[in-house]
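Okay, structure first, notes after.
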Amino acid sequence: GQNIDQPTEMTATEGAIVQINCTYQTSGFNGLFWYQQHAGEAPTFLSYNVLDGLEEKGRFSSFLSRSKGYSYLLLKELQMKDSASYLCAVSNTGKLIFGQGTTLQVKP
Amino acid sequence: SAVISQKPSRDICQRGTSLTIQCQVDSQVTMMFWYRQQPGQSLTLIATANQGSEATYESGFVIDKFPISRPNLTFSTLTVSNMSPEDSSIYLCSVWSTASSGNTIYFGEGSWLTVV
């Protein structure tokens, strides 16, 4: 079966670092995506990992371990505007299977 | 990156009617997909829009309810037929984009439908 798990909610403090984990079990794998979605808006692309290791892009980094079926999104120097839902999704020939999303609340 | 335009962005629809959502991409793309996001939920794939042939539907979605067209490599439509309040959702078009900087999957801005 297809299963993607991520925590439902997380809370962090402005300026801190937060790590959002994602574990997956899928029948196919072309890569793992992270998206950010603010309330009332469509998802926006954050990162794409197809090989094992860490991809860094500014304040955001994403890690993948294919053997462990595990990824995480790391957000540094948190800002209030980072309060949003973060969606982990596994790609299978372009089709995305999404986790339920992690709602991150950043507090002052 | 691919720029994706969806129309309508929002609509309030009467129960029993049908609505067609359009998705226009600014470049030719091989793969286009339609997703649904019900209130408070994550995204679920409805179907893959195939150029020149019938769409490929995921489990739980059927052509009679969600007919899809894809006449060329830059355009697709999704129709939500015989709507009920349970169809109130965000409908999102997405494309698989290949570029020298890497592959990614982009989403349109979504079509927010409320069925009354």
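What follows draws every value from the coordinates through simple rules; no lab data is involved. As the structure is a computational prediction, the values presented were derived from the model and not from experiment. A quick note on method: Cβ atoms are made from the backbone with ideal geometry, for glycine too, and the neighbour counts reach across all protein chains shown.
Among the strands (runs of 3 or more DSSP E) lying completely within the range A:5-78, list those that include at least 1 residues that are more than 19 Å from B:Ser97 (Cα to Cα) and in contact (Cβ under 8 Å) with a residue 40 or more places away in the chain. Let's see the steps before the verdict.
Numbers: elements: A:9-13, A:18-25, A:31-37, A:44-49, A:53-57, A:60-65, A:70-75.
So the answer is A:9-13, A:18-25, A:31-37, A:70-75.
Output the qualifying pairs, or none if there are none: Cβ atoms under 6 angstrom, residues six or more apart or on different chains, first residue in the range A:82-108 and farther than 23 Å from B:Trp34 by Cβ, second residue of a type in the set (Asp, Glu).
Once the first residue is farther than 23 Å from B:Trp34 by Cβ and sits in the range A:82-108, its partners that are of a type in the set (Asp, Glu) give A:Thr103/A:Glu9; A:Val106/A:Glu14; A:Val106/A:Asp82; A:Pro108/A:Glu14.
Those residues that are at the interface with chain A (Cβ under 10 Å from one of its Cβ atoms) and of a type in the set (D, E, K, R), I need them from the range B:1-58; list them, please.
B:Glu58
Scan the strands (runs of 3 or more DSSP E) fully inside the range B:1-109 and keep the ones with 1 or more residues being in contact (Cβ under 8 Å) with a residue 60 or more places away in the chain and exposed (fewer than 13 other Cβ atoms within 10 Å of the Cβ).
Numbers: elements: B:4-7, B:10-13, B:19-25, B:31-37, B:43-49, B:68-72, B:75-80, B:89-99, B:102-107.
Those strands (runs of 3 or more DSSP E) span B:10-13, B:89-99.
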